[in-house]
Amino acid sequence: MIAPDLNAAVAGLTRLIEQSESVVPFTGAGISTECGIPDFRSPGGIWTKMQPIPFDAFLASKDMRAEAWRRRFAMEDEFGGAQPGRGHRALASLYRAGKAPGVITQNIDNLHQASGVAAEHVVELHGNTTYATCLDCAERYELAWVREQFEHAGGRAPDCRCGGYIKTATISFGQAMPEAAMRRAEELTLACDLFVSIGSSLVVWPAAGFPLMAKRNGARLAIINRDPTEFDDIADLVVREDIGSVLAPFIAAT
Ligand SMILES: [Zn+2]
C-alpha cells in the first residue's frame with residue numbers, strides 16, 4: 001500500500017511499529033540529505049562529476065592516496081559539521097525505547113552514532129568516513145592527525161607505524177564487503193518483525209538483499225523513499241513523503 005499523504009504515512013508507520021516487537025531500520029543517503037550531506041550517487045551528485053577512486057588504484061599509487069585524502073579533507077570542510085536530522089533522532093528514540101535493537105546503514109557519515117545509538121549497535125555496511133584505519137594492522141587514526149601529517153609532509157599521505165597504508169574506514173569500490181557487518185546485518189534482519197528501509201534506493205547489492213530477506217522470513221516491510229524502489233510491490237507500507245517529516249513524530253523527548 002502506498003500512503004496517499006503524510007498523515008496516512010505517519011498513521012501507517014505508527015500502527016506497524018506498535019504491532020512489532022523488534023524494528024530494524026535500514027538507512028541510506030536519503031536520511032542524511034536534510035543534514036546537508038548530498039547523495040553522492042544521485043543524478044547531479046559528486047560521483048557523476050568526479051570518478052570515485054577504486055580500491056586497487058588507492059593501493060597502487062602514492063598519488064592516488066594523496067588525491068583520496070585531498071578530496072576527503074575538502075569534504076570535511078564542507079560537511080564535517082553535519083548534525084543528525086529528524087530521521088536519525090527518531091530512530092535513536094526507538095532505539096532508546098528498546099523498540100529497535102540496532103540500525104543497519106549504508107551511510108558512512110556517523111550520524112546514527114551522533115544521534116545516540118551506541119556504536120556497537122550501528123551496523124555500517126560501507127564503513128565510516130569520520131576516522132581512518134591502517135589497511136594492514138587496523139590501527140585507528142583520527143582525521144585531524146592524518147591531516148596534520150599530510151600538510152606537514154607537503155601533501156603526502158602518512159603511512160602507519162607498521163608501514164601499512166592509512167585509509168578512511170570506508171569500503172571503497174572494489175574493496176571486499178565487511179564480513180562481520182554483513183553477518184550482523186543478517187542477524188538483525190532475521191530477528192526483526194518489522195524492517196523499515198529509509199532513504200535507500202535499494203539498488204546496491206548485496207545490501208539491497210536485506211529487505212527481501214526480512215520479508216521472506218515473515219517480517220513486515222515498510223519502505224520510505226522519495227523514489228519508487230523495486231521492492232515496493234512486496235512492501236506492507238510504501239511512503240514517498242519527505243523522510244524528516246514522516247519520522248519527526250517518532251522523536252521522543254529525552
Ligand atoms: Zn598498521
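Points to keep in mind about this one:
- Some residue of region 102-109 being surrounded by 18 or more Cβ atoms within 10 Å (Cβ to Cβ), at pLDDT 95 or above and over 18 Å from Thr27 (Cα atoms): no
- Residue count for region 200-219, restricted to those that are under 23 Å from Arg86 (Cα atoms) and open to solvent by 10 Å² or more (accessible area, probe 1.4 Å): 1
For (1) free of Cβ contacts under 8 Å to residues at least 60 places away in the same chain; (2) of a type in the set (Ser, Thr, Tyr); (3) touching a strand residue (DSSP E or B) at 6+ places or on another chain (Cβ under 6 Å), each residue gets a yes or a no:
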residue	(1), (2), (3)
Ala66	no, no, no
Pro84	yes, no, no
Tyr95	yes, yes, no
Ala114	yes, no, no
Gly127	yes, no, yes
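- Subset of region 120-169 that is more than 16 Å from the ligand (Cβ to nearest atom) and among the acidic types (Asp, Glu) - its residue that is nearest to Asp63 (Cα to Cα): Glu151
- Members of region 176-196 that are touching a Lys or Arg at 6+ places or on another chain (Cβ under 9 Å) and open to solvent by 20 Å² or more (accessible area, probe 1.4 Å): Asp193
- Selection count where residues are farther than 15 Å from Ala29 by Cα and among the polar types (S, T, N, Q), scope region 110-146: 4
- Condition check for Glu124: surrounded by 15 or more Cβ atoms within 10 Å (Cβ to Cβ) and touching a His at 6+ places or on another chain (Cβ under 9 Å): yes
- The single condition among (1) surrounded by 18 or more Cβ atoms within 10 Å (Cβ to Cβ); (2) in contact (Cβ under 8 Å) with a residue 60 or more places away in the chain; (3) over 26 Å from Ala97 (Cβ atoms) that Val238 does not meet is (3).
- Hits in region 79-98 (condition: within 20 Å of Thr14 (Cβ to Cβ) and either of a type in the set (S, T, N, Q) or open to solvent by less than 50 Å² (accessible area, probe 1.4 Å) (or both)): Gly85, Gly87, His88, Ala90, Leu91, Ala92, Ser93, Leu94, Tyr95
The values are calculated or read from the model by the stated rules, or taken from the named source; none is laboratory data. This structure is a prediction, so every number in the text was calculated from the model and none was measured. FYI the Cβ positions are ideal-geometry reconstructions off the backbone, even for glycines, and counts take in every protein chain you see. The accessibility values were calculated without ligands, DNA or RNA, using every heavy atom of the protein model including side chains. Shrake-Rupley method; radii C 1.70, N 1.55, O 1.52, S 1.80 Å.
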